[in-house]
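Notes to accompany the following structure.
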Ligand SMILES: [Cu+2]
């Protein structure tokens, strides 16, 4: 295959959208299945080297070119130092052009970080985004064999940001460096250092969701993965002008290795017998991307519920627990009625640098009225086999990324924050990655609740007599939050479902 010099590439054919330099090139590439490798493996390292070359080439293309780094980044979201309208005006000028029309259709379309109603499209939209980005790199490199490597941060060897992304002035790896990360991350420490724990990088809680969509207060696989592991990695790598903020995230080259791994977790979940939505509305949803020749393409969700259309496989999947519930209808769990056991006063509850303790009052219900029994203990003793207790926090919002995660505890004894953050009162953590308004229309940005299955934590505390008669939920920042973040949560409740 002819190898074009970088100068030719930048100055020549790729500048014009729709100009196909090698007709049929991509068709050839897709005739064979490619494998996406762990970036730590020898094959993955070879791909990472190609990736670094591609990032350099894409960053040298003008932002008006759909194959450029900036055009691809802005597809996810336009950064906070401009707006979509202003960026389009300054990059394309006053006259219409195919590229300008494509930018208007594509930019700021990341699902679902604008409108919470779009949450079910988080996984398919990012699968499409990663797939077209991969095809663009094949075109830019003239290399049909390229596949995006993934970053497996859920194993100890993967806890630090891969070293190739931390070598600022290296001739080969330099394009993968970004300064806008947390200091510990670019220093090569585990990315959770200072604000998290290894458990925050586990895919297990998402993989154990039996349904794709929320079922009552259970978040479902798509949202659990988005809010949990996915958001944690963004916030851990950070900062507020980098991976930790939706509008800046896709400017960090590690973004693509992160989302390749998120896609691998989706494949793993499906591979263990879990089913995706089957509604026509979800399957027929269309999104616009740039194809490998810079032309606009329409992608339909039904073509991306598996890996066939994009034609790739992963070198290794994660063994997801196959739940009995997964074999039943995807909406079976939604039919189970949810009962509120206890609820806090209506929010918003301001979070800051100090722990916040919230009283959660028992709902007036006969089951909770047994003398001497705490509301949760009463529920636990009568809990049917097929039901669980959840802690639900509604209306999570912040003015800016807090650049830390918050930990949640049930009936934590009064006094100082626990010396071991993962103690027997620990329920889990949540982040604000998807809870900061951005984009041209802030009013659209609502928020999704987060929920935690607290059945085991409550049962363990109950067995040791440590559940309180009046329950409290304590929310503790795991590091100093950014001063302008002003994070708040709405009310907090315990729900049986
Ligand atoms: Cu992301």
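Computed from the coordinates by the stated procedures, all read-outs in this text should not be read as laboratory data. Just so we're clear, the structure is a prediction, and the values are computed from it rather than from any experiment. So basically every Cβ, Gly included, is an ideal-geometry build from the backbone, and we count neighbours across all protein chains shown.
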Exercise for review: List 257, 106, 243 from most exposed to least, where exposure is judged by having the fewest other Cβ atoms within 10 Å.
Suggested key: 106, 257, 243
Check your understanding: What is the gain in length, in nm to one decimal, between residue 466 and residue 424 on full extension, counting 0.36 nm per residue of separation less the C-alpha to C-alpha distance?
Key -> 14.1 nm
Check your understanding: With contacts defined as alpha carbon pairs under 8 Å and 6 or more residues apart, what's the relative contact order of the stretch 337-496 in percent?
Key -> 47
Revision key, fill the gap. Per-residue Cβ contact counts at 10 Å, fewest first, order 420, 453, 470, 143 as 420, 470, 143, 453
**Study point:** Cα gyration tensor of the stretch 187-245 - equivalent ellipsoid semi-axes, whole Å, descending
**Key:** 25, 13, 7
Study note, to complete from the structure: From the Cα centre of the stretch 274-292 to that of the stretch 149-185, the distance in Å is 32
Review point. Hey, what's the Kirkwood Rh for the stretch 126-275 if you take every pair of different alpha carbons, in angstrom?
Key: 16.2
Exercise for review: Compute the FRET efficiency between residue 346 and residue 295 as 1/(1 + (r/R0)^6), taking r as their Cβ-Cβ distance and R0 = 45 Å, and round to the nearest 0.05.
Suggested key: 0.35
Check your understanding: residue 35 versus residue 357, label points 7 Å from Cα toward the beta carbon: distance in nm?
Key -> 5.6
Study note, to complete from the structure: Taking Cα atoms only, helix 42-60 is inclined relative to the longest principal axis of the chain by an angle, in degrees rounded to 10, of 70
Exercise for review: Give me the distance in nm between label points sitting 7 Å out from Cα along the Cα-to-Cβ direction at residue 279 and residue 386, one decimal.
Suggested key: 2.3
Review point. Ratio of Rg to Rh for the stretch 337-496, alpha carbon only, Kirkwood?
Key: 0.99
Review point. When the convex hull of the Cα atoms of the chain is projected onto a plane and the area is averaged over all directions, what value comes out in nm²?
Key: 23.4
